[in-house]
Amino acid sequence: MSFQTPITVKEAVENIDQKRYLLPAIQREVVWGVEQIERLFDSLLRDYPIGSFLFWHVERKNAGNFQFYEFMREYHERDNSHNPKANVSGKDDVTGILDGQQRLTSLYLGLKGSYAYKELRKRWDNPHAFPKRRLYLNLVAPANKDKGDMNYDFAFLTDEEAKESQKDAFWFRVGDILDIKSPSGVNKFLIQNKLMNRPEGQAEFANETLFKLWSVVHEARVINYFLEKDESLDKVLNIFIRVNSGGTILSYSDLLLSIATAQWKKLDAREEITAFVDELNAIGSGFNFDKDFILKSCLVLGDFNEIAFKVDNFNKSNMLKIENEWDDITSALRHAVTLISSFGYNRDRLTSNNAVIPIAYYLLKKGIPKNYVEASKFREDREVVRLWLILSLVKRVFGGVPDTVLRPIREILRKQNGAFPVDEIKDKFKGTTKSLQVTEDDIENLLLSWYGQGYTFSTLSLLYPTLDYRNKFHMDHIHARSLFTRAKLSKRGIPENAIESYMESADGLPNLQLLEGIPNQEKSDSEFENWLKKTCASKTARADFCAKHFIPDCELSLENFQEFFTERKSLLKQKLADIFQVKLQPAQLKLKGPPDDE
């Protein structure tokens with residue numbers, strides 16, 4: 001390994017652009033957030049060191065022996081977050097990046113690429129939620145206090161945002177500095193855009209800032225790097241681990257993926273795992289699994305004694321065992337995720353991804369029965385799995401260190417030949433901090449959940465065991481959420497001292513129900529009392545609806561919402577106590593019938 005003559009940012013970006021710099025398969029697929037990228041450029045303009053880099057020289061004739069990937073060029077949080085595979089059949093030698101991937105990717109995205117991340121309060125499946133942004137620099141004012149200790153005001157903006165006229169801003173697209181070939185070009189830009197006609201302070205800042213940006217990109221040799229020429233994969237892997245395993249720079253799951261990629265013989269581990277993550281996340285309404293989940297699942301489903309992410313356990317024989325069992329592991333996980341999707345779960349409702357792993361292990365040991373998710377003969381078995389999943393989620397047993405739960409559950413499942421062993425698992429954890437026993441206090445806590453909280457769906461799904469979650473259904477506010485504004489409540493004559501309570505309770509679980517999609521759309525913002533009379537015209541229909549949705553026998557107008565909320569909470573508490581076989585303390589709990597027709 002030898003230290004080389006430093007190069008400029010422009011040279012580094014051009015090498016990436018021309019695919020001279022590539023990423024070995026052992027590298028992680030991670031892209032810095034926009035704030036980290038902005039901070040890197042701020043450091044460059046302030047002459048702060050950005051660290052040294054470690055490059056790996058591979059001769060062209062040997063490049064085909066290794067797998068390389070290209071740098072990320074147009075990052076899209078949803079649609080383009082994976083590095084494309086590189087073609088190394090060209091005429092040039094290859095330079096692999098062993099240390100410095102994130103910094104070089106950030107330099108490229110800031111100067112030549114784009115960055116599309118999801119805007120707040122917009123849905124994941126909305127294509128307009130991910131506008132393309134490029135890195136801009138405000139030439140006429142420094143960063144404000146909101147950006148912490150940053151001196152220069154860098155920001156990822158859409159081109160439309162950058163064009164908006166602002167008194168204290170002139171947004172310069174950072175990548176345009178590559179087209180300015182000389183210092184005279186900087187002067188020309190300042191004059192043509194009338195920046196020197198601005199107030200003296202702004203003009204001076206613009207002049208200094210743009211010249212500094214040009215200099216740090218075109219002239220300053222800030223890319224200091226070492227070059228490793230040994231093409232032994234074992235040595236390169238050891239260097240990579242040594243460089244990247246300090247602190248939290250490289251997670252153990254990243255390291256496992258790196259080793260698997262280097263040691264799998266038939267399959268490309270990185271390609272297989274990243275593609276499988278995308279496949280799982282596309283099931284049903286979508287999930288949020290990641291490589292950590294897949295790799296942890298490999299350790300559990302592969303029946304390794306040690307399932308923690310420790311480097312010493314990721315030896316060659318273990319990696320080859322995972323490769324040989326990859327098809328079985330992925331099939332079990334695929335069926336498990338499809339199953340929980342049929343239970344109504346998705347990325348927002350599944351509060352612990354690790355809860356899926358025991359289900360996948362159970363299916364693997366059963367031989368993954370054909371049509372398990374749909375076949376009627378497995379209905380009772382699926383219901384047991386569903387109840388265990390809900391119980392484990394609402395009791396939050398996978399919080400903290402999941403290995404302390406996964407390992408003993410696996411031991412129980414390994415010996416099991418029949419149905420999912422819920423009772424055995426309960427007995428195993430009885431009296432521990434991971435207990436699955438439900439108490440009256442637990443039920444009270446469940447009833448305190450609210451709309452939008454992941455645990456709320458799990459609780460409601462216990463109350464609606466017959467709902468076909470494969471069909472579209474909604475979590476509905478019984479009394480429409482739109483009615484709970486201060487102005488509307490005041491207009492309805494709700495006392496001022498009760499309005500705050502109304503608004504706080506509107507999203508509470510006692511005001512929520514699971515309703516099929518079409519009825520919910522028809523209900524919309526209707527008054528519940530009026531909608532119920534219209535939808536359930538007969539006394540029998542109304543009685544059936546009220547029984548199914550635990551509607552209390554009380555006046556159902558908005559003015560009586562507080563009594564309705566209290567009464568329905570009592571009904572839900574009694575139902576949950578019945579489900580969990582919890583004996584409640586003496587209370588005035590009486591299951592009332594539906595309201596009579598008027």
- [ ] Report, ordered by chain and residue number, the lysines lying within cross-link reach of K472, taken as a straight Cα distance under 16 Å and ignoring same-chain residues fewer than 8 apart.
- [x] K523
Open item on the list: 7 Å from Cα along Cα→Cβ at both V384 and D427: what's the point-to-point distance in nm?
Closed with: 1.4 nm
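Can you give me the Kirkwood hydrodynamic radius for the range 48-139, using every pair of distinct Cα atoms, in Å to one decimal?
Working: mean 1/r = 0.0642 Å⁻¹.
In the range 48-139 this quantity evaluates to 15.6 Å.
Count charges around V405 for me, please; just the other residues with Cβ under 10 Å from its Cβ, Lys/Arg as +1, Asp/Glu as -1.
Values: positive: R407, R410, K428, K434; negative: D403.
For residues surrounding V405, the net value is +3.
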Open item on the list: Report the gain in length on full extension from H76 to A220: 0.36 nm times residue separation, minus Cα-Cα distance, nm rounded to one decimal.
Closed with: 48.8 nm
Open item on the list: Can you give me the long-range amide H partners of Y21? Hydrogens built in the peptide plane at 1.01 Å from N, cutoff under 5 Å, separation of 5 or more residues or another chain.
Closed with: I16
TODO: Let me know the shape class of the range 52-105, please: from the alpha-carbon gyration tensor, a ≥ b ≥ c as square roots of the eigenvalues, rounded when a/c is under 1.5, otherwise prolate if a/b is greater than b/c, or oblate.
DONE: oblate
- [ ] Please state the charge dipole magnitude for the range 84-168, taken about the Cα centre, from unit charges on C-beta atoms (+1 on K and R, -1 on D and E), reported in debye and rounded to the nearest 20.
- [x] 280 debye
- [ ] List every residue whose amide H lies under 5 Å from the amide H of F156, counting only residues 5 or more places away in sequence or on a different chain, with H placed 1.01 Å from N in the peptide plane.
- [x] Y136
TODO: Using a 1.4 Å probe and ignoring any ligands, DNA or RNA, find the accessible area of D146 and quote it in Å² to the nearest 10.
DONE: 140 Å²
Open item on the list: Which of the three applies to the range 1-46, rounded, prolate or oblate, going by the alpha-carbon gyration tensor with a ≥ b ≥ c and a/c under 1.5 meaning rounded?
Closed with: oblate
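Is the range 417-514 best put as rounded, prolate or oblate by its Cα gyration tensor, with a ≥ b ≥ c the root eigenvalues, rounded for a/c under 1.5, and otherwise prolate when a/b is larger than b/c, oblate when not?
Details: a/c = 4.63, a/b = 2.00, b/c = 2.32.
Oblate, because a/c is 1.5 or more while a/b does not exceed b/c.
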Open item on the list: Taking the Cα centre as origin and putting +1 on Lys and Arg beta-carbons and -1 on Asp and Glu beta-carbons, what dipole magnitude results for the range 137-245, to the nearest 20 debye?
Closed with: 260 debye
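Which pairs in the list K229/K291; K316/K434; K434/K575 are over 28 Å apart, alpha-carbon to alpha-carbon? Present the calculation step by step, with values, prior to reporting the outcome.
Numbers: K229/K291 30 Å; K316/K434 34 Å; K434/K575 24 Å.
Violating the 28 Å limit, Cα to Cα: K229/K291; K316/K434.
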TODO: Output ³J(HN,Hα) for the range 170-176: one whole-Hz value per residue in order, computed from phi by the Karplus curve 6.51 cos²θ - 1.76 cosθ + 1.60 with θ = phi - 60°, and x for Gly and Pro.
DONE: 9, 8, 9, 5, 4, x, 5
Task: Rounded to the nearest 20 debye, dipole of the chain from Cβ charges on Lys, Arg, Asp, Glu - done: 760 debye
- [ ] Summarise the accessible area of the chain (1.4 Å probe, protein heavy atoms) by the percent that is carbon and sulfur.
- [x] 46 percent
Open item on the list: Quick query: amide H of F68 versus all other amide H atoms, modeled in the peptide plane; which residues come in under 5 Å with a sequence gap of 5 or more or a different chain?
Closed with: A86
TODO: For the range 446-455, just list the computed ³J(HN,Hα) in residue order, Karplus coefficients 6.51, -1.76 and 1.60, θ = phi - 60°, integers in Hz, with x standing in for Gly and Pro.
DONE: 4, 6, 8, 6, 9, 4, x, 8, x, 5
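Which semi-axis lengths, in whole Å and largest first, follow from the square roots of five times the eigenvalues of the Cα gyration tensor of the range 330-431? Numbers along the way, then the final one.
Values: eigenvalues 79, 54, 31 Å².
Equivalent ellipsoid of the range 330-431: 20, 16, 12 Å, largest first.
At 0.36 nm per residue, and after removing the present C-alpha to C-alpha distance, how many nm does the segment from D125 to E59 gain when stretched out fully?
On the way: separation 66, 0.36 × 66 = 23.76 nm, distance 4.39 nm.
Using 0.36 nm per residue and subtracting the Cα-Cα distance, I get 19.4 nm.
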Task: Full-stretch length increase - K377, R481 - with 0.36 nm per residue and alpha-carbon distance subtracted - done: 33.4 nm
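Suppose we keep just the DSSP beta bridges with both residues in the chain; what percent of those would be antiparallel, to 5? Walk me through the numbers before you get to the answer.
Numbers: 27 of 36 bridges.
Taking every DSSP beta bridge with both residues in the chain, the antiparallel ones total about 75 percent.
With the other protein chains left in place, how much accessible area per residue, in square angstrom, belongs to the range 313-426 at a 1.4 angstrom probe?
Values: 4750 Å² over 114 residues.
That works out to 42 Å² per residue.
When the Kirkwood radius is taken over all Cα pairs of the chain, what Stokes-Einstein diffusion coefficient follows at 4 °C and 1.567 mPa s, in µm²/s? Before the final figure, lay out the partial values.
On the way: Rh = 28.4 Å.
Translational D for this selection: 46 µm²/s.
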TODO: List, in order, the whole-Hz ³J(HN,Hα) value for each residue of the range 217-225 obtained from phi through the Karplus relation with A = 6.51, B = -1.76, C = 1.60 and θ = phi - 60°; use x for Gly and Pro.
DONE: 8, 8, 10, 5, 8, 9, 8, 8, 9
Open item on the list: Two decimals, Cα atoms only, Kirkwood Rh: what is Rg/Rh over the range 117-227?
Closed with: 1.03
Task: Efficiency of FRET from Cβ geometry, M196 and E164, R₀ 25 Å, rounded to 0.05 - done: 0.70
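The values are calculated or read from the model by the stated rules, or taken from the named source; none is laboratory data. In this text the structure is predicted, and so the values were computed from the model without any measurement. Methodologically, a virtual Cβ is constructed for each residue, glycine included, from the backbone with ideal geometry; neighbour enumeration extends over all protein chains shown. Side chains included, ligands, DNA and RNA excluded: accessible areas come from the protein's heavy atoms. Shrake-Rupley method; radii C 1.70, N 1.55, O 1.52, S 1.80 Å.
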